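First comes the structure, then the notes that go with it.
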Amino acid sequence: MVILIGENINVMSQTIGPALKERRSEPVKSLAAFETRAGMDMLDLNIGPAKKTGAELMSWLVNIVQEVSCLPLSLDTTNSMAIEDGLRLCRQRALVNSVSLQPERLETLLPLVKQYGAEMVGLLWGIEGMPRDANERCLLAVELVYEANERGIPNEDIWIDPIVTPVSGEISQVNACAEFLAILTEIAPGCKSVVGLSNISNGTPAPLRPILNRTYLIMLMRHGLYGAIVDAFDKELLDIARGRRPDIVDIVHQALEGEVLNMSSLPKWQQDYVKTVKVLTGRTLYSHSWLEV
């Protein structure tokens, strides 16, 4: 079963973003309560860079979310002061999202993770930027885990994020994440894996996003995915993660294994998942009309 982290409290959201900026608590509380009822295991509080008012915003946000939800929180910002203020207020063990290999991130965030007994997301973003393939992800993971261990943070407290990129970009990156997950336990025993799942469909038409997210989730689960930051409003995706849709998982696995399927004999929903597997594995070139072909 995948640990699900609700992504919906996000300053970039067109619906909740203005409420965060204007400090309107009711829309935020309503959303946090919904994510909790939907079955999330943790809530991600993403306030973006928030350079000027980040500490105050994170403190306000942590407090009002904890009024309506008992779930652990993932504190998501590049503002280290905001991270610390949030950690100070969290009633349960928090997740710091995220620590990359930029020296300033290591120097400011790793001590906070240790001081507050938090867990951390290790983002595989190196000094030179985005890793190009699974091998570079492995090198960055080893380096990041070493840095954390040196500061007394054990592997069991580290969630590794291999960075999911949009399917409309380089398909090699889409496959590299899955390849990396398959070997993570060998190179970093005890570490967990986590992805920002919705990144896979970023930039695609809104009606097509759910099937991309769901199919990619199944692909990553096949390689041992531990946690995912997801849209709490996608009930079918949540059912997949909880093992309640083996029919969807089975058809995706058949397509991944290259079984010869008589498409004309399949219902449309199964055809759509098979076509989406082909797009995500690079067998079919991505276009906005892949389900219509």
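What the table below lists for this structure:
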item	result
Inter-probe distance in nm under a simple model that places probes 7 Å from Cα toward Cβ, at Leu261 and Gln14	3.2
FRET E, pair Glu56, Glu156, Förster distance 35 Å, beta-carbon r, rounded to 0.05	0.60
Partner lysines for Lys21 [C-alpha distance under 25 Å; skip if fewer than 8 residues away on the same chain]	Lys29, Lys51, Lys52
Relative contact order for the chain, counting Cα pairs under 8 Å that sit 6 or more residues apart, in percent	15
Sequence-separation-based contact order of the range 38-180, relative, with Cα cut under 8 Å and 6+ spacing, percent	18
Which of Arg37, Arg214, Arg209, Arg24 is most accessible, then next, and so on - probe 1.4 Å	Arg37, Arg24, Arg209, Arg214
Over the range 1-86: Kirkwood hydrodynamic radius from C-alpha pairwise inverse distances, Å	12.6
Acute angle (nearest 10 degrees) that the helix 268-280 long axis makes with the longest principal axis of the chain, alpha-carbon atoms	70
Taking the range 140-293 and dividing mean pair separation by its residue count, relative contact order in percent (alpha carbons under 8 Å, at least six apart)	22
Accessible area in square angstrom per residue, the chain, 1.4 angstrom probe	44
Residues of type lysines that Lys268 reaches as a straight line, Cα spacing below 24 Å, ignoring anything fewer than 8 places off in the same chain	Lys235, Lys278
DSSP bridge pairs, the range 26-152: antiparallel proportion in percent, nearest 5	10
Per-residue HN-Hα couplings for the range 80-87 [Karplus 6.51, -1.76, 1.60; θ = phi - 60°; Hz; x = Gly/Pro]	5, 5, 5, 4, 5, 4, x, 4
Cα-projected label distance for Arg245 with Gln271, points at 7 Å along beta-carbon direction, nm	1.9
Nearest 10 degrees, 0 to 90: helix 134-150 Cα axis against the chain principal axis	20
Whole-percent carbon and sulfur share, accessible surface of the range 145-293, 1.4 Å	53
Inter-label distance, nm, simple model (7 Å from Cα along the C-beta direction), Asn202/Ser289	2.8
Kirkwood estimate for the range 195-293, i.e. one over the average of 1/r between Cα atoms, Å	13.7
Distant-in-sequence amide H partners of Ile3 (H built 1.01 Å from N, under 5 Å)	Gly227, Ala228
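The values are calculated or read from the model by the stated rules, or taken from the named source; none is laboratory data. This one's a predicted model, so the numbers in the text were calculated from it and none came from an experiment. FYI the Cβ positions are ideal-geometry reconstructions off the backbone, even for glycines, and counts take in every protein chain you see. Ligands, DNA and RNA are excluded from the accessible area calculation, which covers all protein heavy atoms including side chains. Shrake-Rupley method; radii C 1.70, N 1.55, O 1.52, S 1.80 Å.
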